[in-house]
Amino acid sequence: MDGLFFQNKRGFSSYHVENVLNTLCEKYPFARAETIGRSVLGRPVTVLVIGEGARRVFVNAAHHANEWITSLVLLRFAAEYLAAVDKDGVIYDAPARALYRSATLHLLPLVNPDGADLVNGQIQDEAVLKRAGRIAGRYPHIPFPDGWKANIRGVDLNLQYPAGWEIARANKAEIGVVSPAPRDFVGPCALSEPESIAVFNYTLENNFDITLSYHTQGKVIYWKYLDIDVKNALEIALEFKKVSGYEVEDVPYASGFAGYKDWFIKRFRRPGFTIEAGEGVSPLPLEQLDEIYKNNLGILVRALLCTNH
Ligand SMILES: [Zn+2]
């Protein structure tokens, strides 16, 4: 892989993600980038679309600011997949052009551009920094900015979706989070933030067959929302386990509501997964990128291949 993706740790930013997406689209005109919304600070939330098949696959990463390493996993996958399509090669164990013809992949590498920029010291605006610092100051036990997961307004973007949002609010109130915070604040209402609204609307417009949401910590695959029975979801999760070595688990009750996967399953009754990649303290060090990529390459290819109806 060329140097494009891996400057030093603090080199990561939403600008970097945009640059990579633009470069890929220039190099491979059969891919296209679509800006589906803007962050609180006006940064683009951009999806890369690859493929022309009937199967619609949505993979998003970094709802959580300090989990931005997963953005690099998706960018790297995009680069390798596009290169393989271009030269009629193989990705993981699949002929790339066959994948391209059978599935359309919608890849959203960075749901939370402002938060990732905050964590990586890429925000210069003093007023914005001061406001975030004030929010963080109320939670001295959470390292700042490394422990920041929320968007720039202190709303946790993966607690924003209309699937048990009130329960999530009650659960988080119980641990004392009822206002903007580095993590765990559900927002004033469901879908109050432009980033989660963009993902929500894009999902409604595209009627996906399957979704994967990338997070970090634990090497675990979550596949359920409440007891909703989704055809083939467990089978697919077990297939993901086989190719990644990750475990398949039920979500702990306290974090089991208002996430993207929860809403996707509730709304569409189709397979939606949360992948908790890697292990350690967030943000995970870049040194883990190769291993995380290796573990997840099979999952990403399987997501394009699996059929669920
Ligand atoms: Zn997360």
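Residue by residue through region 209-234, note down the ones that are of a type outside the set (Val, Ile, Thr), surrounded by fewer than 22 Cβ atoms within 10 Å (Cβ to Cβ) and either within 16 Å of the ligand (Cβ to nearest atom) or within 14 Å of residue 59 (Cα to Cα) (or both).
209, 217, 218, 219
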Of those in region 249-285 that are within 24 Å of residue 175 (Cβ to Cβ) and β-branched (Val, Ile, Thr), the residue surrounded by the fewest Cβ atoms within 10 Å (Cβ to Cβ) is 281
Return a yes/no flag: does region 130-137 have any residue that is more than 19 Å from residue 113 (Cβ to Cβ) and in contact (Cβ under 8 Å) with a residue 12 or more places away in the chain.
no
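Can you tell me which residues in region 45-67 are buried (at least 20 other Cβ atoms within 10 Å of the Cβ), under 16 Å from the mean Cα position of the chain (by Cα) and more than 16 Å from the ligand (Cβ to nearest atom)?
45, 46, 47, 48, 57, 58
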Quick check: is even one residue across region 281-291 modelled with pLDDT of 95 or more, under 28 Å from residue 40 (Cβ atoms) and under 15 Å from the mean Cα position of the chain (by Cα)?
no
With criteria (1) more than 24 Å from residue 269 (Cβ to Cβ); (2) among the polar types (S, T, N, Q); (3) buried (at least 19 other Cβ atoms within 10 Å of the Cβ), residue 196 comes up short on (1)
Of the candidates 280, 298, the one satisfying the condition of being assigned to a helix (DSSP H, G or I) and farther than 25 Å from residue 167 by Cα is 298
A careful count of residues in region 8-55 that are in contact (Cβ under 8 Å) with a residue 24 or more places away in the chain, assigned to a strand (DSSP E or B), closer than 18 Å to residue 82 by Cβ and among the hydrophobic types (A, V, I, L, M, F, W, C) gives 5
Confirm whether residue 214 is part of a strand (DSSP E or B) and in contact with a Leu (Cβ under 9 Å, 6 or more places away or on another chain). yes
All-but-one check, residue 90 against (1) away from the ligand (no atom under 16 Å from the Cβ); (2) crowded, with 19+ Cβ neighbours inside 10 Å, failing number (2)
Filtering region 152-183 for residues that are within 19 Å of the chain's Cα centre (by Cα) and closer than 17 Å to residue 274 by Cα leaves a count of 8
Review point. Is region 218-238 home to any residue that is aromatic (Phe, Trp, Tyr), under 23 Å from residue 196 (Cβ atoms) and over 18 Å from the mean Cα position of the chain (by Cα)?
Key: no
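What do you reckon, is residue 203 within 16 Å of the ligand (Cβ to nearest atom), more than 22 Å from residue 169 (Cα to Cα) and of a type in the set (S, T, N, Q)? Spell out how you get there, then give the answer.
Working: within 16 Å of the ligand (Cβ to nearest atom): no; more than 22 Å from residue 169 (Cα to Cα): yes; of a type in the set (S, T, N, Q): yes.
When the stated conditions are applied, residue 203 does not pass them.
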Residue 4: passes all of (1) in a loop (DSSP other than H, G, I, E, B); (2) of a type outside the set (Asp, Glu); (3) modelled with pLDDT under 95 but (1)
Within region 288-306, identify whether any single residue is closer than 20 Å to residue 108 by Cα, touching a Lys or Arg at 6+ places or on another chain (Cβ under 6 Å) and more than 16 Å from the ligand (Cβ to nearest atom), and answer yes or no.
yes
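The values are calculated or read from the model by the stated rules, or taken from the named source; none is laboratory data. Keep in mind the model is a prediction, meaning the values are calculated, not measured. Glycine gets a Cβ as well: all are built from the backbone with ideal geometry, and neighbour counts include every protein chain shown.
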